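Engineer: Sharing a structure with you now.
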Amino acid sequence: MLSKSIIRNVTTAIAATGVAAAMTVSSASAETLKFASWVPPLHTITKGVVEPLTKAIEEGTGGASEIEYYPGGELGAGPLEQYVRVVQGVADMSWGLPGYTSSQFPKTMVSELPGVKGDKPGYELLWNAYDKGLLEREFPGTVPLALWLSEPNIFIMKDHEIRTPDDVKGLKIRVSGAIAGDVIAALGGTPVQMPAGEIYNALQTGLIDGVVTGTSAVGDFKLDEVANSYTYNVPLGQISFYTIMNKAAYDGLSEDAKAAIDGIAGRDLSKSAEDAWNEKAATVLESMKAAGDNTIITLTDEESAAFAELTVPVTDKVVKDLGVQDVYDAMQGE
């Protein structure tokens, strides 16, 4: 129900084009662009997206244009509402997870399915599909600046060790969206969808038994303080992300500012974001190993295959049920 409400708000905001255009063009004419984020300043999004985007705009315009960053929900709390705030012109730019409003992004979220990414960079999958016009309608009223995938999802658990599919049965596992929810359900667990900022308390209080997300989230949200077991090499897919800009604000930019954004937006900014996520994941893993108080489980290929027997069929089913074989093929470069 929550995701449908957010989508209705997106539709309503786009319909109010006069108000949105007036607000965003005013912001753009000052050549100061507001980037909204709900996470703290040290989150990976800062290094991966905000800093390179800010640098590109300032250098490309000789300092005539700039980004003003509002982390920690300064322009409004809550990750689910960020897309609406951009459409409404409260912010010129923001970032988010399609999974938080899954029904708005059914095609984009194909990238999250087990086995889809393979050895290819995740951002390449997303832009392969976007460049063919297959994802554009899922981003109404905005210009996507970056689309990327996280590092592989893992099990992050409190007082439970996951080594076989049977170990998941009956457990309450937080997921970021509907796709991951389908995967957990296929393993016999109970998916619980909630924003990342709520995971810490949910794990601490026992509301959930564990989490499916990437290793970088352990560092970004201090989950190592409440979790104690981590399982790797499980075919659980990954998480997709976007950075967007209000379309009216983009259209109202000076030519230099628009050229600066065009020069980094797309695959280049997406690669920066994905690289930052992967780098953070590697750093966090080394930190967890060094702490000495964590159980870190890396499944053998044979052990991983037991999970794949249950999770990979979810991919086939979702692609068939949604009728998105063309999206899947485009992501694979076909």
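Engineer: Return the residues of segment 96-147 that are hydroxyl-bearing (S, T, Y) and either open to solvent by less than 10 Å² (accessible area, probe 1.4 Å) or in contact with a Cys (Cβ under 7 Å, 6 or more places away or on another chain) (or both); say none if nothing qualifies.
Structural biologist: So the first thing to find is which residues in segment 96-147 are hydroxyl-bearing (S, T, Y), and the list is 100-103, 108, 111, 123, 130, 142.
T101, T108, S111, listed by residue number.
Engineer: Let me ask something else. Considering E279, E309, E334, which residue is assigned to a helix (DSSP H, G or I), in contact with a helix residue (DSSP H, G or I) (Cβ under 9 Å, 6 or more places away or on another chain) and closer than 24 Å to N128 by Cα?
Structural biologist: Sole residue among the options that is assigned to a helix (DSSP H, G or I), in contact with a helix residue (DSSP H, G or I) (Cβ under 9 Å, 6 or more places away or on another chain) and closer than 24 Å to N128 by Cα: E279.
Engineer: Something else now. Considering only residues that are without any contact (Cβ under 8 Å) to a residue 24 or more places away in the chain and outside any loop (DSSP other than H, G, I, E, B), look in segment 170-192 and name the one that is surrounded by the most Cβ atoms within 10 Å (Cβ to Cβ). Steps first, please.
Structural biologist: Taking segment 170-192 and keeping what is without any contact (Cβ under 8 Å) to a residue 24 or more places away in the chain, we get 170, 181, 185, 188-192.
Adding the requirement that they be outside any loop (DSSP other than H, G, I, E, B) leaves 181, 185, 190-192.
Working: G181: 22, A185: 16, T190: 16, P191: 20, V192: 20.
Applying the filter and picking the extreme gives G181.
Engineer: For segment 214-269, which helices (runs of 4 or more DSSP H) that fit wholly inside it have 1 or more residues that are touching a Phe, Trp or Tyr at 6+ places or on another chain (Cβ under 8 Å) and farther than 30 Å from L310 by Cβ? Explain how you work it out, then say what you get.
Structural biologist: Working: elements: 216-220, 247-251, 255-264.
The helices (runs of 4 or more DSSP H) meeting that bar are 255-264.
Engineer: May I ask you to list the residues in segment 104-161 that are of a type in the set (S, T, N, Q), within 16 Å of Y242 (Cβ to Cβ) and either more than 17 Å from the chain's Cα centre (by Cα) or not in a helix (DSSP H, G or I) (or both)?
Structural biologist: Step one: of segment 104-161, the residues of a type in the set (S, T, N, Q) are 104, 108, 111, 128, 142, 150, 153.
Checking the rest, the ones that are also within 16 Å of Y242 (Cβ to Cβ) come to 104, 108, 111, 128, 142, 150.
Selection gives N128, T142, S150.
Engineer: Residues L269, L253, L322: which one is open to solvent by 70 Å² or more (accessible area, probe 1.4 Å) and within 26 Å of V84 (Cα to Cα)? Please lay out each step first, then the result.
Structural biologist: On the way: L269 fails: open to solvent by 70 Å² or more (accessible area, probe 1.4 Å); L253 fails: open to solvent by 70 Å² or more (accessible area, probe 1.4 Å).
Checking each option against the conditions leaves just L322.
Engineer: Quick test for you: out of T101, T54, pick the one residue that is among the β-branched types (V, I, T), out of contact with any helix residue (DSSP H, G or I) (no Cβ under 8 Å at 6 or more places or on another chain) and in a helix (DSSP H, G or I). Full working, then the answer.
Structural biologist: Working: T101 fails: out of contact with any helix residue (DSSP H, G or I) (no Cβ under 8 Å at 6 or more places or on another chain).
The unique qualifying residue is T54.
Engineer: Would it be correct to say that E286 is among the charged types (D, E, K, R), farther than 20 Å from G181 by Cα and exposed (fewer than 14 other Cβ atoms within 10 Å of the Cβ)? Steps first, answer last, please.
Structural biologist: On the way: among the charged types (D, E, K, R): yes; farther than 20 Å from G181 by Cα: yes; exposed (fewer than 14 other Cβ atoms within 10 Å of the Cβ): yes.
So E286 passes the test.
Engineer: Given the conditions (1) touching a residue at least 60 places away in the same chain (Cβ under 8 Å); (2) open to solvent by less than 20 Å² (accessible area, probe 1.4 Å); (3) touching a Pro at 6+ places or on another chain (Cβ under 9 Å), and given that W38 satisfies all but one, which numbered condition is not satisfied?
Structural biologist: Answer for W38: the failing condition is (2).
The values are calculated or read from the model by the stated rules, or taken from the named source; none is laboratory data. Quick caveat, the model's predicted, so the values are computed rather than measured. Heads up, the Cβs are rebuilt from the backbone with ideal geometry, glycines too, and the neighbour counts pull from every protein chain shown. We work out accessible area using only protein heavy atoms, side chains counted, and drop any ligands, DNA or RNA first. Shrake-Rupley method; radii C 1.70, N 1.55, O 1.52, S 1.80 Å.
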